[in-house]
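What follows is one structure encoded as structure tokens, with my remarks underneath.
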Amino acid sequence: MASRRSVHRTDSDNEAPSESEDLDSVKLLRKHPKKLSKYHVLAFVLTFFSYALFHATRKTFSNVKVTVSATWTPMNKSLPSVFDDNWNGHNLFKSQGDTSVFLGVLDTVFMTSYAIGLFISGAIGDRLNLKYVLAFGMCSSSLTVFMFGVVSEWLHLYSKIWYVVFWSLTGLLQSTGWPTVVAVIGNWFGKSSRGFVMGVWGASPSVGNIVGTCIVNAVLHYGYQYSFLVTSSVTFGFGIIILFSLISSPRDVGLLGPDELYSKSPRISLSPDEEPLLKNEISTRSIESTLSVRPKAVGLCHACCLPGVVAYSFAYACLKFVNYSFFFWLPFYLQMAYGWKEDKADLLSVWYDVGGIIGGILIGYLSDKLESRSPVVGLMLVLSPFSLYIYSEAPADLTKNAALMTFTGTVIGGVASLISTAVSADLGRHPELANSKEALSTVTGIIDGTGSFGAAFGQVLVPIIMKAFGWKSVFYVFILMTILTLLCIIQIVYRDTVALFERIYRRIFSVNVDEGLINAERETTSVNQ
């Protein structure tokens, strides 16, 4: 009779695990620490600051729009003819209204190329080492930013084609950032803590916006080109650090992923040529395969068919329309609507990003505690139209305006952060994939890519509406887009909210039943005594 140690289970068996597999699991536990390791911290910090620097370069352009507009538009048309040569290079537009429209075109060009690149970068990220993709994007995009904002001013190359080409290339190359960094974080942190972790990590865009604003305020008096010089140089240097320091996945250092150790899905099957001669080696070989073999990447169509991906993609398109309109136009709006100086408007706009940081952390933590994302997203989307209307009526008082701006950023920026990070990661790790296929980067690229198309459309629409009807009408469009966001996912929100209340009810009812049984047992014991 065979001893118990020799009993084994193949991939198709449903029997209880053998003792040999238990020993293997103990070994794996040592390679899968529950507490945060240095690798977790390193992945978090490096991806946080890498994406923050992407946003710092974008925010630089947003914060220097007034200065750029003044540079491209002749300030005094009554100058004598002797000054014509000095004005020719700067005279791109006849009025600041025309300049504003072109600035909106640049934002649209950036977001369109960014959106297209996200679909490509997401698929590439699931097939190549994520750190190579991220490092390439940081270094190459910093060069295009340098050409756009620095070389053009140093050489006095005031050309519409120059600006459009290099800013669109910047959007295309920066699209490598979001799918890769979200995939890295998703590889290192499990679903149970993903909402809070990504809520904290989701502050990276807002931190980048704040950093970009501070850089502009520090060097703008030397010339707007130096703002681009500083951000592009720092981004290029950090891209080199990413190349040599980032560990993309626990698999790269011989560890299991956070959701793999206790997964009930079947392990990777071995081909006939890989089958061990001794059957009791199957468990060990399959575990080693899990650690060493990269899961097969899913196709774009398969990723789109995953439950919830299409709904959240269209929802994020509507929401990113609003969120990125604040990102690109808020400093400009504060200057035009309230007459505040550029440096004051830039610093005040930071409070929207502060609200985004607070909202991302708060909403992410709450979604972890409730073990459901959609009900929290739905609640914030219900509050969004009210917050936008209230802020559109904000007074010209700095303190009150900052407070209302922070609340708006908490509601809109927070839910945008949750959808683009934790929700995307959850969908990319859907149980349907059974940990045997890689889709995290692809799903993130689909959701953020679709959202970026919505944002691109918004950057054309905002200056047109503003020029024709005024800023009040722009806010009405924002309100409409937040309502459409909720309608896109209303079915998911309703389903998950009902399931949440049913789960809470069952827990309360089970506690009451347990207390009743305990009390009844105590009464029976006392009677018998």
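The values are calculated or read from the model by the stated rules, or taken from the named source; none is laboratory data. Keep in mind that what you see is a predicted model, and the values were worked out from it rather than measured. Note: ideal-geometry Cβ built from the backbone for every residue, glycine included; neighbour counts use all protein chains shown. Note: areas computed on protein heavy atoms with side chains; ligands, DNA, RNA excluded. Shrake-Rupley method; radii C 1.70, N 1.55, O 1.52, S 1.80 Å.
At a glance:
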| quantity | calculated |
| --- | --- |
| Distant-in-sequence amide H partners of Ala394 (H built 1.01 Å from N, under 5 Å) | none |
| Area of Ile464 that stays accessible when all protein chains are in place (1.4 Å probe, Å², to 10) | 90 Å² |
| Rounded to the nearest 10 Å², the accessible area of Arg507 at probe 1.4 Å | 120 Å² |
| Normalised alpha carbon radius of gyration of the stretch 196-241 [divisor 2.2 N^0.38 Å] | 1.36 |
| Zero-based 10 Å bins, Cα pair distances in the stretch 337-388, whole percents | 21, 38, 25, 13, 3 |
| Karplus (6.51, -1.76, 1.60) ³J(HN,Hα), θ = phi - 60°, over the stretch 486-493, in Hz, Gly and Pro reported as x | 5, 5, 5, 10, 4, 5, 5, 4 |
| Residue-by-residue Karplus 3J(HN,Hα) for the stretch 399-412, coefficients 6.51, -1.76, 1.60, Hz, glycine and proline x | 5, 5, 5, 5, 5, 5, 5, 5, 5, 4, x, 5, 6, 7 |
| Listed residues Met336, Met138 arranged by accessible area, highest first, probe 1.4 Å | Met336, Met138 |
| Value of Rg/Rh across the stretch 126-252 [Cα atoms, Kirkwood radius] | 1.03 |
| Spin-label model distance (nm) - Ala468 vs Thr399, 7 Å beyond Cα toward Cβ | 4.1 nm |
| Karplus (6.51, -1.76, 1.60) ³J(HN,Hα), θ = phi - 60°, over the stretch 494-502, in Hz, Gly and Pro reported as x | 5, 4, 6, 5, 4, 4, 5, 5, 5 |
| Solvent-accessible ranking of Ile247, Ile116, largest area first, probe 1.4 Å | Ile116, Ile247 |
| Net length gained if the chain between Glu371 and Phe244 were fully extended (0.36 nm per residue, minus Cα distance) | 42.1 nm |
| Listed residues His40, His221 arranged by accessible area, highest first, probe 1.4 Å | His221, His40 |
| Which listed pairs, of Lys160/Lys467; Lys59/Lys341; Lys94/Lys160; Lys341/Lys467; Lys65/Lys341; Lys94/Lys344, have C-alpha distances above 19 Å, in listed order | Lys160/Lys467; Lys341/Lys467; Lys94/Lys344 |
| In Å, descending, principal axis extents of the Cα set of the stretch 344-418 | 41, 21, 14 |
| Distance between modelled label sites at Lys94 and Tyr39, nm, 7 Å Cα→Cβ extension | 6.4 nm |
